[in-house]
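What follows is a short report on a single structure.
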Amino acid sequence: MESPANHTEIVQSPDDEYRIWKKNAPFFYDTLFTHALIWPTLTVEWLPKRISLAMNKDFTIQKLLIGTHTSENEPNFLETLSLQFPTKTHCAPVDMENMAKKAERITLDQQIPHMSGEVNKARHMPQSHNLIATKTVSGDVHLWDLFRHPTRPESSKPEGLGPNLVLRGHEKEGYGLSWNPNSAGLLGSGADDGKVIVWDVNGDCSQGKPEFQPIWQIQTDDVIEDVCWSQIHENSIISVGDDKALRVWDVRSNEACLKIADSHGQEVMCLDCSPFDEHLVITGGMDGQVRLWDIRSTQAPVLSYQNEGDVTQCKFSHLHPSLFASSTSERKVIVYDLTQEGTEPFFVHGGHQAKVSDFSWSQNERLTIASVSEDNILQVWQMANDLYQQ
């Protein structure tokens, strides 16, 4: 009889996994930066603008949006970072030994005091990249016009100018936040109070700090973890939450037009809508699964992908129709390719050593993601182009 030890799976420690990843990284990335932030951030997003410099420069200037999550007595900030991203013709092999030097390519660009506490999430309006919405710990959503704030807090006014708009309606904090890509100014939100809310922020941001009330809201029976507007239909917003249900709402009515009661085995933490196919939605849950849904047929998911740990975020690429990614509490960002057979990952990014809080696909650079983890680390990474030729 064989010894039970022969059937024991060898489990690598997180340190061992990281060492193996670091050793192999030069073969799998075209670009890789690691940057240590002063404070952790719960949120990261690429801003769309890309600045091309003189012909002899080997990089373009791009920007990232983050928000601090400090200790109790320290002030919080909404921040933009400038990134020197290498041009394709100047990409050099990834050098893991010079990561600290390469991190100098990422610098603080703008810092705005966020006096309401840590930034749970920050997202820019697609139609006006200078307008930023932030989820606060009070439940309010704040709107900021980056053009109307100095690049650094003024010494005479360290608390800053405050938000340009305050959006009321939530009674508890939350993390669900989504701009309507088809109708400028419509902002959707979900929170721990079980509400899904929509505001119309069209108006003059120069008149002090007006308070806006919802133009549409619905009350559910449990925490709403995330919301996402359809990329195609301007009146459709989708929510997921702790009751495990996925609901499609039409903001012209007060009833869900579609409901998947048990979309996961545990709480559903995140979702995203495909920018290429109006029927495809991905969801991620505390059961460790990422599920792909065709909302025309809701009896079962099209595909289910099993992750280690809770799924913290899931997002489609806006440049590659077949790619989407998920992040986990087990320190990884995992990329999947819908053109591959089966449910094996296309790519696993193992560069983080703590829970991954958020990530964002670049809309300017192929195969490029920015990701942040709870240990203050921001990473910008571009998968090797040879891996994906579509």
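Quick note: the coordinates plus some simple rules give every number you see, no bench work behind them. The shown structure was predicted, so the numbers you read here are calculated from the model rather than taken from an experiment. Backbone-built Cβ (ideal geometry, glycine too); neighbour counts: all protein chains shown.
Quick notes on this structure:
- Given +1 at the Cβ of Lys and Arg, -1 at the Cβ of Asp and Glu and no other charges, the dipole of the chain around its Cα centre is 1360 debye to the nearest 20.
- Those lysines that a straight Cα-Cα span of less than 29 Å connects to Lys88, excepting residues fewer than 8 apart in one chain: Lys22, Lys23, Lys49, Lys57, Lys63, Lys101, Lys102, Lys315, Lys332
- One decimal place: the segment Glu278-Glu234 gains 14.7 nm when fully extended, by the rule 0.36 nm per residue minus the C-alpha distance.
- The aspartates and glutamates within cross-link reach of Lys195, meaning a Cα-to-Cα straight distance under 17 Å and a gap of 8 or more places when in the same chain, are Asp140, Glu171, Glu173, Asp221, Asp222, Glu225, Asp226, Asp242, Asp243, Asp250, Glu255, Glu267.
- Of Leu367, Leu78, Leu108, the one that fluctuates the most in a GNM where the chain has Cα springs shorter than 10 Å: Leu108
- Cα point-scatterer Debye curve for the range 199-305, base-10 log of I(q)/I(0) at q = 0.25 Å⁻¹: -1.44
- Using the empirical formula 2.2 N^0.38 Å as the baseline, the Cα radius of gyration of the range 266-390 reaches a ratio of 0.99.
- Amide proton proximity set for Lys195, modelled H, under 5 Å, gap of 5+: Thr220, Ile224
- Nonlocal amide H pairs with Gln313, under 5 Å, H built at 1.01 Å: Ser327
- Extent of the chain along its three principal axes (Cα atoms, max minus min coordinate, largest first): 72, 55, 41 Å.
- Scalar couplings 3J(HN,Hα) for the range 304-317, obtained by applying the Karplus form with A = 6.51, B = -1.76, C = 1.60 to θ = phi - 60°, are 10, 10, 9, 10, 7, x, 5, 8, 9, 8, 8, 8, 6, 6 Hz; x denotes Gly and Pro.
- In straight-distance terms, cross-link reach from Lys157 covers every one of the lysines whose alpha-carbon lies under 18 Å from its own, apart from those fewer than eight places away in the same chain; here that gives Lys209.
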